[in-house]
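> First the structure, then my questions, so here it is.
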Amino acid sequence: MAQPTLSDSVYDALYRELVELEQKFPDLVTPDSPTQRVGATPAGQFSTVAHRLPLYSLENAFDYGEMQAWQERSRRLVGDLTYTCELKIDGAALALSYEYGVLVRVATRGDGTQGEEITANGRTIRSIPLRLHLDNPPPWLEVRGEAFMPLNVFEQLNHARITAAEPPFANPRNAVAGTLRQLDAKVVSQRHLDFFAYTLHLPPEFALGRQSEMLDFLSAIGFRVNPHRQVCKDLAAVQAYYDHWQTARHDLPYLTDGTVIKVDDLELQARLGFTQKFPRWAIAWKYPALELPTRLLAVTIQVGRTGALTPVAELEPVQLAGTKVSRATLHNRDRLASLDLHLGDQVIIRKAGEIIPEVVGVIPELRPIGAVAVTMPDHCPECGSVVQKLDQEAVTRCLNPTCPAIVRGSIRHWVSRDALDIQGLGEKIIYQLVETGLVQTIADLYRLELGQLFQLERLGEKSATKILEAIARSKQQPWSRVIYGLGIRHVGAVNAVILAEHFPSLDLIAAANLEAIAAIHGIGIEIAQAVIQWFSLPQNQALIAQLSALGITTRQTQPTHPPQNRLLEGKTLVITGTFTRLSREQLQQLIKDQGGKVSASVSSKTDYVLVGQNPGSKLTKAENLGIPCVHEPELDQFFHIEEL
């Protein structure tokens, strides 16, 4: 229900009466009975389940200018917009599945395509109805929302843990995540989690017209929906809503870290579609994150595989949100120009909910006399070609397809685990292959001979043979991996699977028109335009012809599945201290699942140190060596436990 209709004492009395009745007449027990909210015995483990529809994360905005840019991108596609604003609850996303109105499954977000089934734990949350208030429920219905822990419950829980000599939870969000992963549903029940519903998926014949109507409908069928939602006719009204709750949120009985803005018209939502990671029709306007000042030492330019030039600030090291920061992204030429940076400036950096820090401001009053202004280069720092600045993009690009940085980036992407998965071709070998001219396109990888690899430093016959064998094996990788490996802009690993299913051969996708691609659920106009543009370029047409002639898979021969995230591939991590939510064994498994390895000691080869409470000398050594340290409150973000 949206609001409780009974006090806890009345509810408990009725609950006891129901328990006695069901014990006397077991045949009366039904799956949606309140007594079934708590499982009889703890589960041994959580199984992984596929979501009917993907759970996307939200793009973040941090100021009005970014909100304007988001709005303009949407308006170019669908015209004027009205918005529904909701508070962004700081908890854990859940997906609830109903069949004919009865709850049958509760799952975590997971990687967005599949998550952990925690149905027994979800049943303990009283604001999740076990049976919907619908006379004629559809065959299936899915609800997404946020599980959270009220602040008073969080304080009581931590007080009890401290009294019992147990480490307290760092914040309510961590407490929710830890609670939902309990193997005993009775423990979950005792922690009194709550739930706000915010999204509904129905069969087409039951579709609604507006986001605001959807929220009202969710409330009517038995869910709690945040009461502070509001329809806003324009961006000025959105800002007023945001400004109000930036202050008023401190009086709420739960935590909120921003405002979620959604296009109200559901038909326009469908037309706007999705990017690789986010729905285009929604955005989270976050409240200001932790910020600190430090000194700008230099600006370096990185060239990516698409030719994009990214300015990176080299900083005087500073401790920010538990980690030492010495570099921060400057995003693109527009952000660089708006900051008006000069070497030696005191800049403001923050971690806006992400692992990678960014520069968000400058203190011009502290600028050194005669400081040199920082500008984007006119020529590519890698190949010397004149760079291009397209009016419709904030990105400055090198358009030279033979630029060493672009070639290296293309090869790194092609051989990566989620693409063709060619093991043995690391960064140093790729650099040598490009610098010596042995490889100028990814097709050249398949023309390499053993004698040519001997020219490379520190590469013996055994290693060279293994590389050639891995290259040969990659010819049999699924068609979806080939699509992803081509490096088409905006096409990630999951979208590549979707495209492969709809266009099961090279000829079909190369001949597809914009409308056919954009109409696919989860693709949309931006990805469709990128696919059309990629296949229209002569050099790409030549590349795919060569790949096909060389025997690389160009058609789908078996069902495809999204690859697992391996964000820590090749990284070495050290664990120190005591953790409240996860055991060391669980942390070690998370690291291994994402491709990393665990070491017992800190050295110059350590990439990250995971820091719990009461850390030992390992933390001091890591800080002295400048190794990034990830503290327990950051683990969800670091491991992307709830990301797409």
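The values are calculated or read from the model by the stated rules, or taken from the named source; none is laboratory data. Here the structure is a predicted model, which is why all the values come from computation and not from measurement. FYI the Cβ positions are ideal-geometry reconstructions off the backbone, even for glycines, and counts take in every protein chain you see. The accessibility values were calculated without ligands, DNA or RNA, using every heavy atom of the protein model including side chains. Shrake-Rupley method; radii C 1.70, N 1.55, O 1.52, S 1.80 Å.
> Mind listing whichever residues of region 509-559 are in a loop (DSSP other than H, G, I, E, B), closer than 25 Å to P279 by Cα and open to solvent by less than 60 Å² (accessible area, probe 1.4 Å)?
Just the residues of region 509-559 that are in a loop (DSSP other than H, G, I, E, B), to begin with: 512-513, 519-523, 537, 550-554, 556-559.
Retained after the next criterion (residues that are closer than 25 Å to P279 by Cα): 512-513, 519-523.
Those that are in a loop (DSSP other than H, G, I, E, B), closer than 25 Å to P279 by Cα and open to solvent by less than 60 Å² (accessible area, probe 1.4 Å): A512, I520, G522, I523.
> A follow-up question, please. Being open to solvent by 40 Å² or more (accessible area, probe 1.4 Å), touching a helix residue (DSSP H, G or I) at 6+ places or on another chain (Cβ under 7 Å) and under 24 Å from Y98 (Cβ atoms) is the filter here; which residues of region 161-188 pass it?
Q182
> Of these, Q246, Q239, which one is more than 20 Å from A95 (Cβ to Cβ) and out of contact with any helix residue (DSSP H, G or I) (no Cβ under 8 Å at 6 or more places or on another chain)?
On the way: Q239 fails: out of contact with any helix residue (DSSP H, G or I) (no Cβ under 8 Å at 6 or more places or on another chain).
Sole residue among the options that is more than 20 Å from A95 (Cβ to Cβ) and out of contact with any helix residue (DSSP H, G or I) (no Cβ under 8 Å at 6 or more places or on another chain): Q246.
> Among the residues of region 460-490, write down those that are touching a helix residue (DSSP H, G or I) at 6+ places or on another chain (Cβ under 6 Å) and in a loop (DSSP other than H, G, I, E, B).
Our first condition is that a residue be touching a helix residue (DSSP H, G or I) at 6+ places or on another chain (Cβ under 6 Å); within region 460-490, this holds for 464, 471, 479-480, 483-485, 487-490.
Of everything in region 460-490, those that are touching a helix residue (DSSP H, G or I) at 6+ places or on another chain (Cβ under 6 Å) and in a loop (DSSP other than H, G, I, E, B) turn out to be G487, I488, R489, H490.
> Restricting the search to region 201-216, which residues are at pLDDT 90 or above and open to solvent by 10 Å² or more (accessible area, probe 1.4 Å)?
Those that are at pLDDT 90 or above and open to solvent by 10 Å² or more (accessible area, probe 1.4 Å): H201, L202, G209, R210, S212, E213, M214, D216.
> For residues in region 437-465 being within 21 Å of H413 (Cβ to Cβ) and open to solvent by 50 Å² or more (accessible area, probe 1.4 Å), which is farthest from the chain's Cα centre (by Cα)?
Per the stated criteria, the residue is R447.
> Do we find that V312 is modelled with pLDDT of 90 or more, in a strand (DSSP E or B) and open to solvent by 30 Å² or more (accessible area, probe 1.4 Å) in this structure? Break it down into steps so the answer makes sense when it comes.
Details: modelled with pLDDT of 90 or more: yes; in a strand (DSSP E or B): yes; open to solvent by 30 Å² or more (accessible area, probe 1.4 Å): no.
No; evaluated as a whole, the condition is false for this residue.
> Test R481 against the stated conditions and say whether it is buried (at least 21 other Cβ atoms within 10 Å of the Cβ) and among the charged types (D, E, K, R). Lay out the reasoning, then the answer.
Numbers: buried (at least 21 other Cβ atoms within 10 Å of the Cβ): yes; among the charged types (D, E, K, R): yes.
Yes; evaluated as a whole, the condition is true for this residue.
> A follow-up question, please. Output the number of the condition that L567 fails; it satisfies all remaining conditions of (1) among the hydrophobic types (A, V, I, L, M, F, W, C); (2) assigned to a loop (DSSP other than H, G, I, E, B); (3) modelled with pLDDT of 85 or more.
L567 satisfies every listed condition except (3).
> I would also like to ask the following. Look at region 266-282 and say how many of its residues are of a type outside the set (F, W, Y), modelled with pLDDT under 95 and in a strand (DSSP E or B).
Going through region 266-282 one residue at a time, the tally reaches 1.
> If you don't mind, there's one more thing I want to ask. Are any of the residues in region 400-421 over 32 Å from the mean Cα position of the chain (by Cα) and more than 21 Å from P538 (Cβ to Cβ)?
Within region 400-421, none of the residues are over 32 Å from the mean Cα position of the chain (by Cα) and more than 21 Å from P538 (Cβ to Cβ).
> Of the residues that make up region 420-430, is at least one open to solvent by less than 30 Å² (accessible area, probe 1.4 Å) and in contact with an Asp or Glu (Cβ under 8 Å, 6 or more places away or on another chain)?
For region 420-430, residues open to solvent by less than 30 Å² (accessible area, probe 1.4 Å) and in contact with an Asp or Glu (Cβ under 8 Å, 6 or more places away or on another chain): absent.
> Sticking with this structure for a sec: Among the residues of region 249-257, is any touching an Asp or Glu at 6+ places or on another chain (Cβ under 8 Å), open to solvent by 60 Å² or more (accessible area, probe 1.4 Å) and of a type outside the set (G, A, S)?
The answer is yes; a qualifying residue exists.
> Considering only region 117-126, state which residues are open to solvent by 10 Å² or more (accessible area, probe 1.4 Å), outside any strand (DSSP E or B) and not β-branched (V, I, T). Full working, then the answer.
Kept after step one, since they are open to solvent by 10 Å² or more (accessible area, probe 1.4 Å), are these residues of region 117-126: 117, 119-120, 123-124, 126.
Now restrict to residues that are outside any strand (DSSP E or B): 119-120, 123-124, 126.
Once the filter is applied, which keeps residues that are open to solvent by 10 Å² or more (accessible area, probe 1.4 Å), outside any strand (DSSP E or B) and not β-branched (V, I, T), region 117-126 yields A120, R123, R126.
Listed here are the residues, each with its yes/no results for (1) more than 30 Å from H502 (Cα to Cα); (2) at pLDDT 85 or above; (3) over 28 Å from the mean Cα position of the chain (by Cα); (4) not aromatic (F, W, Y).
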{"position": "R555", "(1), (2), (3), (4)": "no, yes, yes, yes"}
{"position": "R581", "(1), (2), (3), (4)": "yes, no, no, yes"}
{"position": "S603", "(1), (2), (3), (4)": "yes, yes, yes, yes"}
{"position": "T606", "(1), (2), (3), (4)": "yes, yes, no, yes"}
{"position": "Q613", "(1), (2), (3), (4)": "yes, no, no, yes"}
{"position": "G616", "(1), (2), (3), (4)": "yes, no, yes, yes"}
{"position": "G626", "(1), (2), (3), (4)": "yes, no, no, yes"}
{"position": "Q637", "(1), (2), (3), (4)": "yes, no, no, yes"}
{"position": "E643", "(1), (2), (3), (4)": "no, no, no, yes"}
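For (1) open to solvent by 20 Å² or more (accessible area, probe 1.4 Å); (2) at pLDDT 95 or above; (3) assigned to a strand (DSSP E or B), each residue gets a yes or a no:
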position: C85; (1), (2), (3): no, yes, yes
position: A93; (1), (2), (3): no, no, yes
position: L96; (1), (2), (3): no, yes, yes
position: L103; (1), (2), (3): no, yes, yes
position: G112; (1), (2), (3): no, no, no
position: G115; (1), (2), (3): no, no, yes
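> Suppose the filter is closer than 20 Å to P137 by Cβ, part of a helix (DSSP H, G or I) and either touching a Ser or Thr at 6+ places or on another chain (Cβ under 9 Å) or open to solvent by 20 Å² or more (accessible area, probe 1.4 Å) (or both); does F195 pass it?
No: the conditions fail for F195.
> Sticking with this one: Within the set of pairs 6+ apart or on separate chains, which have a first residue in region 625-644 that is part of a helix (DSSP H, G or I) and of a type in the set (D, E), a second that is modelled with pLDDT of 75 or more and open to solvent by 20 Å² or more (accessible area, probe 1.4 Å), and C-beta atoms under 7 Å apart?
E632/F579
> Right, another one. Every residue in region 418-460 that is touching a Ser or Thr at 6+ places or on another chain (Cβ under 8 Å) and either touching a residue at least 40 places away in the same chain (Cβ under 8 Å) or of a type in the set (S, T, N, Q) (or both), please.
L420, D421, I422, G424, Q440, T441, I442, Q455 - these are the residues of region 418-460 that are touching a Ser or Thr at 6+ places or on another chain (Cβ under 8 Å) and either touching a residue at least 40 places away in the same chain (Cβ under 8 Å) or of a type in the set (S, T, N, Q) (or both).
> Exactly one condition in (1) in contact (Cβ under 8 Å) with a residue 60 or more places away in the chain; (2) open to solvent by less than 20 Å² (accessible area, probe 1.4 Å); (3) within 25 Å of P54 (Cβ to Cβ); (4) touching a strand residue (DSSP E or B) at 6+ places or on another chain (Cβ under 8 Å) is false for M149; which is it?
(3)
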